[in-house]
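Since the structure comes first, as structure tokens, the remarks are kept for the end.
The values are calculated or read from the model by the stated rules, or taken from the named source; none is laboratory data. From a predicted model like this one, the values you see are computed outputs, not experimental measurements. A quick note on method: Cβ atoms are made from the backbone with ideal geometry, for glycine too, and the neighbour counts reach across all protein chains shown. In case anyone asks, the SASA skips ligands and DNA or RNA and just uses the protein heavy atoms, side chains included. Shrake-Rupley method; radii C 1.70, N 1.55, O 1.52, S 1.80 Å.
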Amino acid sequence: MTLGVRRVARILFITVAAMLVVTGGTDAAYAHFAGGREPSSYRGEITSVSPEIPGVTFTLVDAADRIEVRSTSDTPVIIYGYQHKEPGDRDQYLKVSKDGVWVNTESQAGYLNQTLYGSGDAVPERLRNDLGDGEPVWEKVSDEGVYRWHDHRIHWMSEDPPPQVAADPGSEHHIIRDWAIFAKYGDHPESTLTGQLYWVPANPTPWWIVLGGLSAAAFVVGLGWRRMPLIALTGLMGVAALGQAIVTPLPQDEYQGSWSFVLAAAAVPALAVAGLCALAILAIRRGSDSARYLLGGAAALAALQGTSDLPVITRSQLEQHGPDWLARLVIAVVVGIGVGLLAAVVVRSLRAPASDDAERGGGVDIASDEEMRQIHESWSADRKRGSWVTKRDRPPPRATSDGGV
């Protein structure tokens, strides 16, 4: 291996390891690497829409943090805000039809619903004490008949868990019973949407066992540096990193993040891990000194990428594509193998640092398989030509007991 390749591999390993230290830890473990849609342990459901509204559907999204209305009807449906307590036209908030969505700029809900916890500071001064009796002023916000918003009647209004959850987070709890949102469709009677909110804890123990087992196995294999098991684990880590990018949920709207940014932020690290794994496998097969650094870089980046999605294991309601068990398995594999191989590379480096003999002008690198084949062919050719052992290299004759030779 040339000095240039060795230096590049070493710099790459140090750089990626530094990224893991600087950007990792608790924040990385509880914030998705690419942002966007997050897992949760709150589960919401819409139990009824009565009377039903033709051509209009309601769906809970973002782990029940928001609600979506979708209309294919020419007739607008009016969604009422927080001041609407009984049938009537008080506090019209949204108007939705297949032609688009309009928000009433004279409704407090238009400002409160822009954020998860509805800061009152967002409401203009003129509307602070408004009861929603004024004429609506409609502002078009979409040309499509789809809209999503934070309705604070449907979710828990604090970053801190509810008291019953704080007291017993391992049990299921009924958090909000029979929330209600009111809507009016044309000259039909007013409709009421009702729903529930639950706390549903995850059961992460089996996945922690899988993760820990993989980490221990990867550490043992990496420390022993047995070629075939090491190549197998490295390949599995690269495939799992690509799998993590595939199951990453993409944004449905601007609130959830930029579609292109989330895609790039999920794909680029995954491709980097897969590429480093491929290079590490080639280096391991050749017995190259660069294998240690390439494998360490791949493992460090995989650990960083995987820990950003640990809530997939610790929370029950997932946004990822595919079955929940597959998403959790992918994260366990990426983090488990990544952490185990990274620890093994660090321990090996501390116990037996890579040789710097080439830089000091002394020592040689172990020949690769290709170099050994060329040496063998050269020796075979010399032997056929009769020059395998020259006269100069022959040992001196031994004397016999009678003094002859």
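Name the residues whose placed amide hydrogens come within less than 5 Å of the amide hydrogen of Ser142, ignoring near sequence neighbours (fewer than 5 apart) on the same chain.
Val101
Just the projected area, averaged over all directions, of the convex hull on the alpha carbon atoms of the stretch 153-198: how many nm²?
In nm², the orientation-averaged hull projection of the stretch 153-198 is 3.7.
For a quick check of understanding: with a 1.4 angstrom probe and all protein chains in place, what accessible area in square angstrom does Trp325 have, to the nearest ten?
140 Å²
How many percent of the accessible area of the stretch 51-123 is carbon or sulfur, using a 1.4 Å probe?
Result for the stretch 51-123: 46 percent of the exposed heavy-atom area is carbon or sulfur.
For the stretch 70-163, just the Cα set please: Rg and Dmax, both in angstrom.
Calculated on Cα positions, Rg and Dmax stand at 13.9, 45 Å.
Divide, for the stretch 281-335, the radius of gyration over alpha carbons by 2.2 N^0.38 Å, where N is the residue count.
1.48
So if R0 is 60 Å, what FRET efficiency would Ser349 and Arg70 give, r being the distance between their Cβ atoms, rounded to the nearest 0.05?
0.60
Taking only protein heavy atoms into account and a 1.4 Å probe, give the accessible area per residue of the stretch 51-177 in Å².
51 Å²
Pulled fully out, how much extra length does the chain show between Glu135 and Arg227, if you take 0.36 nm times their separation in residues and subtract their Cα-Cα distance?
Extra length from Glu135 to Arg227 when fully extended: 25.6 nm.
How large, in percent, is the carbon and sulfur part of the accessible surface of the stretch 281-345 at a probe radius of 1.4 Å?
Ligands and nucleic acids excluded, carbon and sulfur reach 61 percent.
Output wanted: per-residue J couplings in Hz (rounded whole) for the stretch 87-97, from phi through Karplus 6.51 cos²θ - 1.76 cosθ + 1.60, θ = phi - 60°, x for Gly and Pro.
So the J values, rounded to whole Hz, are x, x, 9, 5, 6, 6, 9, 10, 10, 10, 8.
Once you have the Cα-Cα distance between Val268 and Ile246, take 0.36 nm times their residue separation minus that, and quote the gain in nm to one decimal.
6.7 nm
Please work out how much length the chain gains when fully extended from Asp324 to Thr205, using 0.36 nm per residue of separation minus the C-alpha to C-alpha distance, in nm with one decimal.
41.4 nm
Excluding Gly88 itself, what net charge comes from residues whose Cβ is under 12 Å from its Cβ, given Lys and Arg +1 and Asp and Glu -1?
-2
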